[in-house]
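**Q** I have a structure I would like to understand better, so I am pasting it below and will then ask my questions one at a time.
Every number in this text was worked out from the coordinates using simple rules, so none of it is lab data. It should be emphasised that the depicted structure is a prediction, and the values quoted were computed from it without experimental measurement. Glycine gets a Cβ as well: all are built from the backbone with ideal geometry, and neighbour counts include every protein chain shown.
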C-alpha cells in the first residue's frame, strides 16, 4: 500500500511542475499561458517560491472570544410624531430652479435599520435614507403633494399625512 502511494504521488503533483510561458500576441498584448503558443517565440517565466508560514508546534492557539450576539432592537410600531417641516404655512415654495429642501420631524428617533422615503404626488422620490433632511430637485411648478414614509425593508411602518405645496417658478411671458 505504501509503495502504491509513493508511486502515485508524482501524478498528483504533476500540475505543479508545469511551466508558464510569456509571449506577445498579434495585437501587441503581453500574454501569460501554461501552453506554449504554436509558431510564436515565447519565453519561460520562472516564478518565485511560494510564501509559507510554519505553524508553531505544541498547543493550538486559543480562539479569540466572540462578543455575545445582541438582540435586534425592538421595532417601533408607531412614531409619536412623523411629518414634514420647512414648508411655509400657505404651502407656497418659491424655487426658480425647482430645487428645495424639506425636513422630517420624527419622534422618537428613527430606529436603526429603518429608512425615510419621500413621496412626491404619491410616488417614491429619491433613494430611501436615514437623514431627516430631504432635497427635491427640478420639481415642476404647480400644485404637488408631499409625504414621508418610514420603511423597514420593503414594509411601510408609518406614513405622514400628505401636505399640499405649490412650487412657484419664474416663467418668461
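**Q** Among the residues of region 102-122, write down those that are surrounded by fewer than 12 Cβ atoms within 10 Å (Cβ to Cβ) and either in contact with a strand residue (DSSP E or B) (Cβ under 6 Å, 6 or more places away or on another chain) or farther than 10 Å from residue 147 by Cα (or both).
**A** 107, 108, 109, 112
**Q** Also, I was wondering about something else. Among what's in region 107-134 and is touching a residue at least 12 places away in the same chain (Cβ under 8 Å) and at positive phi, pick the residue that is nearest to the chain's Cα centre (by Cα).
**A** Residue satisfying both the conditions and the ranking: 113.
**Q** From the list 167, 139, which residue is in a loop (DSSP other than H, G, I, E, B), over 27 Å from the mean Cα position of the chain (by Cα) and crowded, with 17+ Cβ neighbours inside 10 Å?
**A** Of the residues listed, the single one that is in a loop (DSSP other than H, G, I, E, B), over 27 Å from the mean Cα position of the chain (by Cα) and crowded, with 17+ Cβ neighbours inside 10 Å is 139.
**Q** Scan (1) within 17 Å of residue 99 (Cα to Cα); (2) surrounded by 12 or more Cβ atoms within 10 Å (Cβ to Cβ) for the single condition residue 127 breaks and write down its number.
**A** (2) is the only condition that residue 127 fails.
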